[in-house]
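Everything on this sheet refers to the single structure shown next.
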Amino acid sequence: MIKNQWYAALSSSEVNKNQLVGVRRLGMDLVFYRDNKGEVSCLMDMCSHRGAALSKGKVVNNCNIQCPFHGLEFNGEGECQFIPANGINNQGDLTRYNVSFFKLIEKHDIIYIWYGDKDKSSDDIPFHDEIDKTFVFSEFKDHWNTHYSRAIENQLDVVHLPFVHHNTIGAGGKTLINGPKVIVSEDKKTILTSANNEVDEGQAPKKSKDCKIKSTFLKFKFPNVWLNNIADKIKVLIFFAPIDDENTILYLRFYNKITGIKLINRFIGFFGKFANLIIERQDKRVVETQRPKASSLKSNENLIYGDKPIIEYRKLRDSLQHS
């Protein structure tokens, strides 16, 4: 994982008021909950007393988590508020029972978790400006048995299209790879590229300097949010929620504003979601076989010129990991 980053971790719809949601993210067991005011909190999912999972407990007083084992209560910042066994008038200093909590931001119907030093958190939330409130989206999630870096690289890979997706988005046998053109933002946190593939008739592939970013482009923002800009009114977004070093959940959203009526657009999105499911499963079948499960800048892989977006991703990821 890359420290000191906002990771898109959950869809907002997954956390309801006064309910506990236990999930594994970033190699940790976490519990999320939304209080009666709608605010989301996240704690380490382990009671400081005897190690029970707090996610098996309940929300009390509209804002505290109560451990299911011995009733200890914790607020949204992990501070122990009450130990029933000690008696109402004998609580004293409970700080030794505090549990770890995580800073959150909820935007774009996504719950982001700050992974790193709390005092270094920023307002730089990874999302894509191409999507605004005029769009509606449909969403599904899918578990992949691979590291999130492999899943991200797959979505930046233009070479695989005519093979993995030979009967869907890669139909036409365009196996020759021009470029691809890759643009990295000044802050080194965004990668922009696009496919410029052709049928191979013996011509030499164009170098990236001779290619342009097309209107249908791919855009990735570190650490884990990707966009396929299909058209002005159709976008596909994925955020890759890391479970641990060998597992990832892909949250895939089909955004559209094809008509001026959101109800109709939601109906269109319902079917768009299933079209994307077919394509996503084609990727999953292959990516889960890659070894090792996590990618790295230094590896035994023999990359080709068409892998330029992946090479840039690895360079930037390595730089962020060591910054």
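The values are calculated or read from the model by the stated rules, or taken from the named source; none is laboratory data. None of these values were measured; they are calculated from a predicted model. Don't worry about glycine lacking a Cβ; one is built from the backbone with ideal geometry, like all the others, and counts go over all protein chains shown. Just so you know, the surface numbers come from the protein's heavy atoms only, side chains and all, with ligands and any DNA or RNA stripped out. Shrake-Rupley method; radii C 1.70, N 1.55, O 1.52, S 1.80 Å.
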Legend entry - Per-region count, segment 1-40, residues among the small types (Gly, Ala, Ser), modelled with pLDDT of 95 or more and part of a loop (DSSP other than H, G, I, E, B): 1
Legend entry - Hits in segment 171-182 - residues which are open to solvent by 30 Å² or more (accessible area, probe 1.4 Å) and touching an Asp or Glu at 6+ places or on another chain (Cβ under 9 Å): Gly173, Lys174, Thr175, Lys181
Legend entry - Residue check for Val182: at pLDDT 95 or above and within 30 Å of Asp318 (Cβ to Cβ): yes
Legend entry - Those residues of segment 248-258 which are within 12 Å of the chain's Cα centre (by Cα) and open to solvent by 20 Å² or more (accessible area, probe 1.4 Å), in sequence order: Ile249
Inset, instruction - Considering every residue within segment 83-100, establish whether at least one is more than 19 Å from Ala195 (Cα to Cα) and charged (D, E, K, R). - result: yes
Inset, instruction - Check Asn197 against each of (1) buried (at least 21 other Cβ atoms within 10 Å of the Cβ); (2) under 18 Å from Trp6 (Cα atoms) and name the one condition it does not meet. - result: (2)
Inset, instruction - Please find, within segment 229-247, the residue that is nearest to Leu30 (Cα to Cα) out of those that are under 20 Å from the mean Cα position of the chain (by Cα) and surrounded by fewer than 18 Cβ atoms within 10 Å (Cβ to Cβ). - result: Asp244
Inset, instruction - Please find, within segment 80-138, the residue that is farthest from Val23 (Cα to Cα) out of those that are assigned to a loop (DSSP other than H, G, I, E, B) and among the basic types (Lys, Arg). - result: Lys133
Inset, instruction - Considering each residue of segment 84-114, count those that are open to solvent by less than 50 Å² (accessible area, probe 1.4 Å) and of a type outside the set (Ser, Thr, Tyr), and give that number. - result: 11
Inset, instruction - Test Ile111 against the criterion of being in contact with a Phe, Trp or Tyr (Cβ under 8 Å, 6 or more places away or on another chain) and either in contact (Cβ under 8 Å) with a residue 40 or more places away in the chain or among the hydrophobic types (A, V, I, L, M, F, W, C) (or both), and give yes or no. - result: yes
Inset, instruction - Would you list the strands (runs of 3 or more DSSP E) that sit entirely within segment 151-258 and hold 1 or more residues that are closer than 14 Å to His128 by Cβ? - result: 190-193, 217-221, 225-231, 234-244, 247-256
Inset, instruction - Name the residue, out of Val60, Val31, that is open to solvent by less than 40 Å² (accessible area, probe 1.4 Å), free of Cβ contacts under 8 Å to residues at least 40 places away in the same chain and either within 28 Å of Asn247 (Cα to Cα) or in contact with a His (Cβ under 8 Å, 6 or more places away or on another chain) (or both). - result: Val31
